[in-house]
Amino acid sequence: MNMKAVIPLSLAVILGLVAAFLVRNAIARNKSGPSLASNLVTVVVAKGDVEPGKELAKEDLGVSKIPAEAAPGQVFSDPAQLVGRVVTTPLVKGETILESLLAPTGTGSGLQALVPPGMRAITLEINQFSGVGGMLQPGCRVDVLSLLNDNKTHESVSRTILQNIKITAVGRSTSATPPVDANGNPLPPANDITLLCTPHQAQVLELAALTGRPWFVLRSMRDGEEAPMEGTTLAELRGDDTQGNSDPAPQVVQSVAPATPEPTSFDAAPATIKHTVQIIRGGADSHVTFVLPAPRGVTADTDQTQVLPDTH
């Protein structure tokens with residue numbers, strides 16, 4: 001067979017097979033295209049990051065198409081439905097906006113939108129030490145410690161007054177993203193935090209702020225257990241209360257009675273001296289008086305009071 005005839009024939013066959021393959025793929029795409037397009041739904045998404053408490057505007061909203069089977073419940077198809085609504089959680093760019101991420105219709109913007117019914121928001125001052133080195137962020141959970149005075153022992157007591165309290169804002173920021181200035185530089189740590197609590201817990205915090213500076217102890221987000229806790233006293237730090245008895249044994253100071261004088265006359269009664277002894281018990285004191293004969297040479301009754309300082 002002539003090779004000059006075989007080569008063109010082979011090329012023609014190969015090109016025909018390639019053309020048939022391309023035509024088949026095009027036909028398959030045309031068949032599946034309309035079916036796939038008809039399976040998409042329109043949802044409203046965030047055009048950029050949105051902080052909690054912000055009222056949504058038209059420029060914050062966009063639309064996207066996703067497969068109907070992948071669409072979550074309570075989605076919106078028209079941005080006009082969401083203008084004026086307030087978000088309660090942070091939104092990221094491209095996130096589908098759901099009803100569960102929004103405050104009820106008519107709720108005002110700002111912090112009030114983040115306060116659930118029956119709860120209250122209260123702001124307290126912090127510094128670098130009481131605020132965990134400035135590392136507290138919105139959404140963190142903390143315990144609150146306060147320094148109190150024990151009326152029985154007259155000593156200071158450190159006590160956990162509240163547990164598992166949510167921080168809803170640090171300064172004016174309600175987002176966990178560190179705030180920055182117009183140039184993108186991080187702002188200095190805020191000197192106040194806003195806590196979400198019940199009305200009774202708000203009263204407790206107000207009293208703690210009045211008697212001293214409350215301290216905040218950061219806890220794990222995975223630890224929501226609230227356990228009863230007793231306060232810690234200075235006596236425990238010193239090791240005075242090793243037996244668990246906060247009332248120490250009484251300290252009695254004994255006075256030495258002077259020698260009994262010899263009366264100079266049988267008709268005259270001997271002179272006396274009154275000795276007062278102070279007994280100290282757990283910071284409280286009491287007094288006991290003893291009447292003893294006066295030493296030789298003392299002819300008139302006298303009073304001697306011995307006051308011992310409280311060493312506690």
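Remarks
- Filter result (more than 26 Å from Pro178 (Cβ to Cβ) and either free of Cβ contacts under 8 Å to residues at least 24 places away in the same chain or among the small types (Gly, Ala, Ser) (or both)) within segment 63-103: Val63, Ser64, Ala68, Ala70, Ala71, Gly73, Ser77, Ala80, Gly84, Ser100
- Pair list, Cβ under 6 Å, 6 or more apart: segment 203-214 residue of a type outside the set (Val, Ile, Thr), other residue assigned to a helix (DSSP H, G or I) and surrounded by 14 or more Cβ atoms within 10 Å (Cβ to Cβ): Pro214/Ala208
- Matching entry among Gly94, Gly53, Gly108, Gly84 (being within 19 Å of Ser173 (Cα to Cα), surrounded by fewer than 15 Cβ atoms within 10 Å (Cβ to Cβ) and within 33 Å of the chain's Cα centre (by Cα)): Gly108
- Against the criterion of being more than 20 Å from Met119 (Cα to Cα) and either out of contact with any Leu (no Cβ under 8 Å at 6 or more places or on another chain) or not aliphatic (A, V, I, L, M) (or both), Asn164 does not qualify.
Taken together, the values in this text are just the output of simple stated rules run on the coordinates, not laboratory data. Owing to the predicted nature of the structure, the values given are computational and were not obtained by experimental measurement. Heads up, the Cβs are rebuilt from the backbone with ideal geometry, glycines too, and the neighbour counts pull from every protein chain shown.
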